[in-house]
Amino acid sequence: MTMKHSIIFSGNTVIWLNQDESKIIDQMNKQLERFYGDQVKVISVRDLGKDELEIKVERELRGRYFIEGGWINYIDESIITGMSEDAFVPGSKQLLFPIIPYGDAFFSPDEEFYKLYKRQIKVFTNEIVDDVDIISTPSDLTITVRYKDTTPRRYKQDIFDLEKKYGNLWLLRGQTIKTTLQEFSQVCARNQPKVSAYRGLKKLLLDIYNIRLELTSNKTKKG
């Protein structure tokens, strides 16, 4: 995975998406095993590019647990959030409104559930999610999460160029990039290639990625 984001899935444990897919899947399935044993499993987590994540879940829950039309029912809502099923059905513990009955099951309008899940992600990870989309079938769930890119516009090209050079910046957390001003100006261009021109970028890298940028030049020796 190359995503710089994090997520929660079936609980409130924050899962970083800048690690191997197998590790992400293991962490998600440990959350699911608490309530569903081996009946519900995450089988893939894919970086779709442009800050978009896809989670594929297989489940062996049958019959009344699936609602025709692909609507998200209370079992699915519980699988995704990790909240008790009671939170999604009428009663004293009901959390999400409105709840719409369908035979002996219930479902929530997609937008209502998406708002809840986006708020849940924001509370636990501080990530801002633009869109959530869920496709439900009798045997599986496909959850797509699209994150908001919070990189300031003036630094978007810098981050793009840095990742072309150094790879996923989240994998460099806590490290220091040491290079010459001349070499660095070939990666992140400036009208005037001087150490002070990169002051804002250095602060961004430290604040967001915990990466220190040290530039040396013939004049300043160190930036």
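Things to note:
- Of all residues in the stretch 149-164, those that are in contact (Cβ under 8 Å) with a residue 12 or more places away in the chain have Cβ atoms under 9 Å from Cβ atoms of residues that are outside any helix (DSSP H, G or I) and surrounded by fewer than 11 Cβ atoms within 10 Å (Cβ to Cβ), 6 or more apart or on another chain, in ASP149/LYS50.
- Considered as a group, the residues in the stretch 121-148 that are part of a helix (DSSP H, G or I) and in contact (Cβ under 8 Å) with a residue 60 or more places away in the chain include one that is most open to solvent (accessible area, probe 1.4 Å), and that residue is PHE124.
- Selection within the stretch 13-36: residues that are open to solvent by 30 Å² or more (accessible area, probe 1.4 Å), modelled with pLDDT under 95 and of a type outside the set (D, E, K, R). The member of this set that is nearest to the chain's Cα centre (by Cα) is TRP16.
- ASP38 falls short of the stated requirement of being of a type outside the set (Ser, Thr, Tyr), more than 20 Å from ALA87 (Cα to Cα) and assigned to a helix (DSSP H, G or I).
- Among the residues of the stretch 168-205, the ones that are assigned to a helix (DSSP H, G or I) and either of a type in the set (A, V, I, L, M, F, W, C) or surrounded by 15 or more Cβ atoms within 10 Å (Cβ to Cβ) (or both) come to 15 in all.
- Which listed residue is of a type in the set (A, V, I, L, M) and under 26 Å from GLY49 (Cβ atoms), from LEU169, LEU116, LEU95, LEU181: LEU169
- Number of the exception - SER185 against (1) closer than 30 Å to GLU58 by Cα; (2) among the polar types (S, T, N, Q); (3) free of Cβ contacts under 8 Å to residues at least 60 places away in the same chain: (1)
- Any hit, the stretch 67-87, residues being under 26 Å from the mean Cα position of the chain (by Cα), in a loop (DSSP other than H, G, I, E, B) and either farther than 23 Å from VAL145 by Cα or free of Cβ contacts under 8 Å to residues at least 40 places away in the same chain (or both): yes
- Screening the stretch 88-115 for residues that are of a type in the set (Asp, Glu) and outside any loop (DSSP other than H, G, I, E, B) and picking the one that is farthest from VAL132 (Cα to Cα) gives GLU112.
- Of the residues LYS156, LYS165, LYS118, the single one that is closer than 26 Å to LYS30 by Cα and assigned to a helix (DSSP H, G or I) is LYS118.
The values are calculated or read from the model by the stated rules, or taken from the named source; none is laboratory data. Here the structure is a predicted model, which is why all the values come from computation and not from measurement. All Cβ positions, glycine included, derive from the backbone under ideal geometry; neighbour counts span all protein chains shown. Note: areas computed on protein heavy atoms with side chains; ligands, DNA, RNA excluded. Shrake-Rupley method; radii C 1.70, N 1.55, O 1.52, S 1.80 Å.
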